[in-house]
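What follows is a set of notes on a single structure, which appears directly below.
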Amino acid sequence: MAALTPIFRKPFWLVALVVGLFGGFIGLFVGTANGSGPLGVLIGAALLIVLAWFYIYVLKDERAGRGITFAGLGIAGFAAAGMPGLVLGAIFGAIGGWMIYWMYEGRYRAYVPPYLTPGQVLWHFAFRVICGAIFVFLITPILVVLPLSFNAQDFFTFTPEMLRFDPEGYSLKHYRDFFSNNEWQRSFKNSLIIAPIATIISVSLGTLAAIGLSQSHVPGRRAIMAILISPMIVPLIISATGMFFFYSQIGNWMESTLGLDKNLVGYIKVVLAHAVLGIPFVIITVTATLVGFDRSLTRAAANMGADPVTTFFRVQMPLILPGVISGGLFAFITSFDEVVVVLFVGSASQKTLPWQMFTGLREQISPTILAVATILVCISIALLTTLEMLRRRSERLRGMSPG
Amino acid sequence: MSDTLNNGPVLAADGTPLKKSLARSLRVEKLRALALVAPLLLFVLFSFIWPIGEMLFRSVDNRDVGQVLPETVAILKDWDGTSGELPDEAVYKAFTADMLVAIDAKEHTKLGTRLNYEKTGMSSLFRKSGRKIKKLDLETDGPFKETLIKIDKKWGDVETWKVIQTHSVNYTNGYYLNAIDMQRTPDGVAVQPEDKRIMMTLFKRTLWMSMIITGMCVLLGYPVAWILANLPARSANLLMILVLLPFWTSLLVRTSAWKVMLQQQGVINDVLVWLGMVADDSRLVIINNQFGTVTAMTHILLPFMILPMYSVMQTIQPTYLRAAKSLGATNWTAFWRVYFPQSIPGIGAGSILVFILSIGYYITPEIVGGTKGVFISNRIAYHISSSLNWGLAAALGAILLAVVLVLYWAYDKIVGIDNVKLG
């Protein structure tokens, strides 16, 4: 992004005010942790103001100044509180050093339109700080889980060893537990059986229906659409209640009349229930992709002698594939992540991973849950990346620039 | 040339009138479209709409009493329960006959369980008396009035018979009345006794907390959506990941993360204690109450608010704001009179979505809500799996469903169901 406004150096009082506020804010925390808040505020503010004065009027070398703040505060932190102190001190030093020069050189002004008043500039940055705080709220719970899953103790909290970055404090034992414990392994396997089959059912039926719905003359289009999307709208607990009654009868019927194995019937019930839940996602994504599909392509294919099946697989399918795959991913994650319906419809031998986590959270709290959670976060990162790549591909195909 | 210009209908290549030919091809096209939709439609109708219809039916279905005690119900109809007198011998005889049949089919305990929802003690009464009635002979052991009262003196209690009479109708509104803290009594509809009134509290709490959660989501989501829509595409995409990652992360993972964060020995409390803001012996109680539920659910539902808001805000031209300012509007006026009204559709869409999702939530309140922060859905789950009062669970579900459908209709009016976007 190009600079919008020519920048010039700012007066010292402004620099002192801003870095003083920042130093005081950090000092408040350090101070309260050590007994006296107000003293911490004073020391923090004074420290940064003095440093700023020193750099601006004496040192006059930006690189050296920032290096000194970073290293100096890191070492001070280490002397005061060991490893955690080193990390926190170094972070504080890096930000403080950067901030002094960012203010002094007037760099903060460069990317803001030149006509803004000082008040507007202040609001511009205050707003970004607020947004940053909300992003922190969004992401922290997920990030906190990751290190805790390497805890050597059976605790849900950071132990003193972990905070000292002592290797003793970390271990892979919860991961080992996950991969060796029968309960977890069985539930993981169940999830891997149920989710793909349910996905295949909802994707194949859903894609066909979406293609049907996108034709120009479909009687009762709105009503059909409403019915097909309803599994997404109806609260899960209600779907689960309805399916509970329904599938217990179906299950009895399949066991007694068709003579199927009890276990197999259990899987069929859960797979069908999950397939229904995934359908709205497939319908929505595939219809959205079909909106941009050029209908004359199928007519051209038919003109050249291709039958409808060939046209579908050779012309239409490759073009709408991104939509189909992302719908499939949604359906997969819906089933893989689903717990209410499986809790009601399934029996103990169909226990899936989320179900096992749910009982784990409610009854015997074991940190293995955190290891599982970490693995699941990695899976969702992989899914997210796939989706993003698909989205870009689909935009390229439609001739839009990747945004 | 002149002989092709006749006044007859325009013909297609094969000689049929063009109108007819077009109509036929349109019909074929419609049929083909329907044929493609049909498998899925049938599947959804059969395995989703039908079960929900069945659930709705179950909320009024009360045929148990009439099926197990057909004779008794028929005779008991004429009995006046308000007179305070016990029914006569004919009722007792019919009852014994019905019970003998029911005990053979082992259905009397089911009936006991059903009536136990209305009056505690009925279940054990039926179970215990069942064992003794089994030994009776219809021909020789009369008169049954004395015999039954000897077996259990509750059969000599007018209330017992009143309960059977009140709940002998085939289709009842009783479950719905129970669902709103009322009950069917021999004297008509009445309010539940004080200690049994919990449903209205739960309904009110569900609505109230869903509103708070929706409000929090609007408050937190608006700035984020704004900044995503106004930053240059490259940095906006990076920040979008921070929104999408929680969206894609398993619900159970996020719920367990919040459990880790909010516990008494959890991360937030630890940090506060370490900072000296909270004393070690007076750690904050922020889990197993409403605060815990609201915090965790706001976090979980926030992406559902940000995404629709973002897609609306993307379409708002930034030039409008600049134009307003150049015409002399202050920052606030420009935002409030020009930008905000254009972003309202996004707020509406997001709010309805979040509200619909939150009033049906079960997992998160169950884990971080304790007893004070649970929703009506937790009560439904309780009646399905623990108390086995399925009729009541179905009635609660039906009421919840009605609320959601009204909101869904509103969503369709405001946003249009075709415009739902994902990711």
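The values are calculated or read from the model by the stated rules, or taken from the named source; none is laboratory data. Just so you know, these numbers come straight off a predicted model, no measurement behind them. Note that we place each Cβ from the backbone using ideal geometry, even for glycine, and neighbour counts take in every protein chain shown.
One table, with the values for the structure above:
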quantity	calculated
Of all residues in region B:117-156 being hydroxyl-bearing (Ser, Thr, Tyr) and part of a helix (DSSP H, G or I), the one that is farthest from residue B:104 (Cα to Cα)	B:147
Qualifying residue in region A:90-98 (condition: touching a residue at least 12 places away in the same chain (Cβ under 8 Å) and surrounded by fewer than 15 Cβ atoms within 10 Å (Cβ to Cβ))	no
Flag for residue B:93 being loosely packed, with under 14 Cβ neighbours inside 10 Å and either among the charged types (D, E, K, R) or modelled with pLDDT under 80 (or both)	no
Evaluation of residue B:137 against (1) more than 28 Å from residue B:360 (Cβ to Cβ); (2) at pLDDT 80 or above (one fails), failing number	(2)
Members of region B:392-414 found to be closer than 23 Å to residue B:110 by Cβ, touching a residue at least 60 places away in the same chain (Cβ under 8 Å) and either away from chain A (no Cβ under 11 Å) or among the aliphatic types (A, V, I, L, M) (or both), listed by number	B:392, B:394, B:395, B:396, B:398
Where residue B:388 falls short, out of the listed (1) facing chain A (nearest Cβ under 10 Å); (2) of a type in the set (A, V, I, L, M); (3) out of contact with any helix residue (DSSP H, G or I) (no Cβ under 6 Å at 6 or more places or on another chain); (4) in contact (Cβ under 8 Å) with a residue 40 or more places away in the chain	(1)
The lone exception for residue B:76 - which of (1) over 30 Å from residue A:268 (Cα atoms); (2) within 14 Å of chain A (Cβ to nearest Cβ); (3) among the aliphatic types (A, V, I, L, M); (4) surrounded by 14 or more Cβ atoms within 10 Å (Cβ to Cβ) it fails	(2)
Some residue of region B:232-248 being of a type in the set (S, T, N, Q) and more than 7 Å from chain A (Cβ to nearest Cβ)	yes
Which numbered condition residue B:273 fails, given (1) without any contact (Cβ under 8 Å) to a residue 60 or more places away in the chain; (2) out of contact with any Asp or Glu (no Cβ under 6 Å at 6 or more places or on another chain)	(2)
Residue in region B:28-51 that is modelled with pLDDT of 90 or more, within 30 Å of residue B:94 (Cβ to Cβ) and part of a helix (DSSP H, G or I) present	no
Residue that is surrounded by fewer than 19 Cβ atoms within 10 Å (Cβ to Cβ) and over 20 Å from residue B:138 (Cα atoms), where the choices are B:115, B:86, B:111, B:100	B:86
First in region B:70-91 and free of Cβ contacts under 8 Å to residues at least 12 places away in the same chain, second anywhere and surrounded by 14 or more Cβ atoms within 10 Å (Cβ to Cβ) and hydrophobic (A, V, I, L, M, F, W, C), Cβ under 9 Å, 6 or more apart	B:83/B:158
Pairs with Cβ under 6 Å, 6+ apart, first in region A:13-31 and among the aromatic types (Phe, Trp, Tyr), second surrounded by fewer than 19 Cβ atoms within 10 Å (Cβ to Cβ)	A:29/B:275
Test: residue in region B:2-13 that is in contact (Cβ under 8 Å) with a residue 24 or more places away in the chain and either under 36 Å from the mean Cα position of the chain (by Cα) or part of a helix (DSSP H, G or I) (or both)	no
Region A:37-50, residues that are more than 13 Å from residue A:22 (Cα to Cα) and either not in a helix (DSSP H, G or I) or not β-branched (Val, Ile, Thr) (or both)	A:37, A:38, A:39
Helices (runs of 4 or more DSSP H) fully within region A:317-403 counting 1 or more residues that are within 11 Å of another protein chain (Cβ to nearest Cβ) and more than 21 Å from the chain's Cα centre (by Cα)	A:340-345, A:353-362
Filter result for residue A:236 (farther than 17 Å from residue A:355 by Cβ and among the hydrophobic types (A, V, I, L, M, F, W, C))	no
Test set (1) surrounded by fewer than 22 Cβ atoms within 10 Å (Cβ to Cβ); (2) within 9 Å of another protein chain (Cβ to nearest Cβ) - residue A:255 fails condition number	(2)
Tally, over region A:172-211, of residues that are of a type in the set (D, E, K, R) and touching a residue at least 12 places away in the same chain (Cβ under 8 Å)	4
Helices (runs of 4 or more DSSP H) enclosed by region B:160-268 - at least 3 residues per element that are over 30 Å from residue B:317 (Cβ atoms) and touching a residue at least 12 places away in the same chain (Cβ under 8 Å)	B:174-179, B:199-230, B:251-262
Residues satisfying the stated conditions in region A:153-179, i.e. surrounded by 15 or more Cβ atoms within 10 Å (Cβ to Cβ), closer than 27 Å to residue B:296 by Cα and touching a Ser or Thr at 6+ places or on another chain (Cβ under 8 Å)	A:174, A:175, A:178
Pick from region A:255-275, criterion at pLDDT below 90 and in a helix (DSSP H, G or I), ranking: nearest to residue A:190 (Cα to Cα)	A:263
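Conditions tested, residue by residue: (1) hydrophobic (A, V, I, L, M, F, W, C); (2) over 30 Å from residue B:412 (Cβ atoms); (3) buried (at least 21 other Cβ atoms within 10 Å of the Cβ).
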residue: A:207; (1), (2), (3): no, no, yes
residue: A:216; (1), (2), (3): no, no, no
residue: A:220; (1), (2), (3): no, no, no
residue: A:223; (1), (2), (3): yes, no, no
residue: A:235; (1), (2), (3): no, no, yes
residue: A:248; (1), (2), (3): no, yes, no
residue: A:284; (1), (2), (3): yes, no, yes
residue: A:290; (1), (2), (3): yes, no, no
residue: A:298; (1), (2), (3): no, yes, no
